[in-house]
Amino acid sequence: MEPERFTCSRAACGEPALWRVEWRNPKIHTADRVKVWLACDEHVDYLREFLAARDFPVRVAEIHLPATNTAETNTAAINTGATNTAESQA
Ligand SMILES: [Zn+2]
């Protein structure tokens with residue numbers, strides 16, 4: 001098994017993610033239910049504006065990746081349980 005890696009949540013983009021885009025849909029999510037998309041430098045603005053255009057609360061935070069051996073950081077940084085990107089895919 002390949003270790004889980006940070007990659008951009010944008011469909012068809014496999015770039016390493018540098019940003020966490022944290023958001024929720026107020027209509028279906030309670031205030032403590034935050035979804036996380038990961039974004040590369042190129043798509044962080046796209047994803048943030050995509051969500052902001054729908055009036056979803058959205059917050060962007062930087063992912064700090066060590067230069068080598070990211071395995072432990074990966075699981076520690078994504079602890080919301082919202083790691084799937086199904087909603088961003090057709
Ligand atoms: Zn991307």
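No value in this document is a laboratory result; all are computed from the given coordinates. These figures come from a predicted structure and were not determined experimentally. In this analysis, Cβ positions are derived from the backbone assuming ideal geometry, glycine residues included, and neighbour counts consider all displayed protein chains.
Amide hydrogen proximity for Leu38: with H placed 1.01 Å from N in the peptide plane, the residues at 5 or more positions away or on another chain lying under 5 Å are Ser9, Val21. In this rough spin-label picture, where each label sits 7 Å from Cα along the Cβ direction, the Arg5-Asn25 distance is 3.0 nm. With both labels modelled 7 Å from their Cα along Cα-to-Cβ, the Arg33 to Ala53 distance reads 2.4 nm. Rounded to whole Å, the principal axis extents of the Cα atoms in segment 1-64 read 36, 25, 22, largest first.
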